[in-house]
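Engineer: Below: one structure in structure tokens.
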Amino acid sequence: MIKTPTSEAKEIISNLLQSKPGEGFTISQIKDELSLKAKLKMTEGTVSGAIHALTKDRKSGVVNVSRGVYSYDSNAIQKDNDITHLVYDGVFEYKEKLKGIVSDIDIFLLDEKDIPILQGLNKLITDSEKFNEKLIEAYGKKITK
């Protein structure tokens, strides 16, 4: 496979951060590493894009510790088969859709027969929030968005 500057930058950055898990590396340190090891020419945009892509990739383990400081955290890696995370995300999206439905309802146009439906929607929203809270209690912060 042909390497692009971005793919080479991502590989070098990832290797650097994984060499000392939990240790923060500044952009300056990352650029120094790239200048030593990169075979391809890299622009500022290439470096920024590579760092951005790594932090957005839930499987990379690269996290932004603070402004301009990056680290590797193996606990941040989301596995494809992480059922807890998939369930949490699904319930979260379901709850948000229900809230959207409720917010679109014009209460002045409701009939008396509509009240139990609205109450049922409210219960579904509340129950889904409680369910996700229980997931967080049981499995910790690793599943939150």
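Engineer: Against the condition touching a residue at least 24 places away in the same chain (Cβ under 8 Å), among the β-branched types (Val, Ile, Thr) and surrounded by 14 or more Cβ atoms within 10 Å (Cβ to Cβ), how does Ile12 come out, does it pass?
Structural biologist: For Ile12, the condition - touching a residue at least 24 places away in the same chain (Cβ under 8 Å), among the β-branched types (Val, Ile, Thr) and surrounded by 14 or more Cβ atoms within 10 Å (Cβ to Cβ) - is met.
Engineer: Which condition number does Ile83 fail, the rest of (1) in contact (Cβ under 8 Å) with a residue 12 or more places away in the chain; (2) under 26 Å from Leu54 (Cβ atoms); (3) of a type in the set (A, V, I, L, M, F, W, C) being met?
Structural biologist: Among (1) in contact (Cβ under 8 Å) with a residue 12 or more places away in the chain; (2) under 26 Å from Leu54 (Cβ atoms); (3) of a type in the set (A, V, I, L, M, F, W, C), the lone unmet condition for Ile83 is (1).
Engineer: Quick one: Asp80 ticks every box in (1) of a type in the set (Asp, Glu); (2) surrounded by 11 or more Cβ atoms within 10 Å (Cβ to Cβ); (3) modelled with pLDDT under 85 except a single one, so which number is it?
Structural biologist: Evaluating Asp80 over (1) of a type in the set (Asp, Glu); (2) surrounded by 11 or more Cβ atoms within 10 Å (Cβ to Cβ); (3) modelled with pLDDT under 85 leaves (2) as the failure.
Engineer: Name the one entry in Tyr139, Tyr88 that is surrounded by 13 or more Cβ atoms within 10 Å (Cβ to Cβ), farther than 30 Å from Glu11 by Cβ and under 14 Å from the mean Cα position of the chain (by Cα).
Structural biologist: One residue alone meets the criteria, Tyr88.
Engineer: Please go through segment 40-76 and give me each residue that is more than 16 Å from the chain's Cα centre (by Cα) and on the phi > 0 side of the Ramachandran plot, ordered by number.
Structural biologist: Passing the criteria: only Gly68.
Engineer: Sort out for me the helices (runs of 4 or more DSSP H) sitting completely within segment 18-113 that have 3 or more residues that are over 30 Å from Asp127 (Cβ atoms) and of a type in the set (Asp, Glu).
Structural biologist: none
Conditions (1) of a type in the set (D, E, K, R); (2) in contact with a helix residue (DSSP H, G or I) (Cβ under 9 Å, 6 or more places away or on another chain); (3) at pLDDT 90 or above; (4) not assigned by TED's automatic domain parsing to the domain that holds Ile13, marked per residue:
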residue	(1), (2), (3), (4)
Glu33	yes, yes, yes, no
Lys37	yes, yes, yes, no
Ser48	no, yes, yes, no
Lys56	yes, no, no, no
Ser60	no, yes, no, no
Val69	no, yes, yes, no
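The values are calculated or read from the model by the stated rules, or taken from the named source; none is laboratory data. Quick caveat, the model's predicted, so the values are computed rather than measured. Quick reminder, even Gly has a Cβ in these numbers, built from the backbone with ideal geometry, and neighbours come from all protein chains shown.
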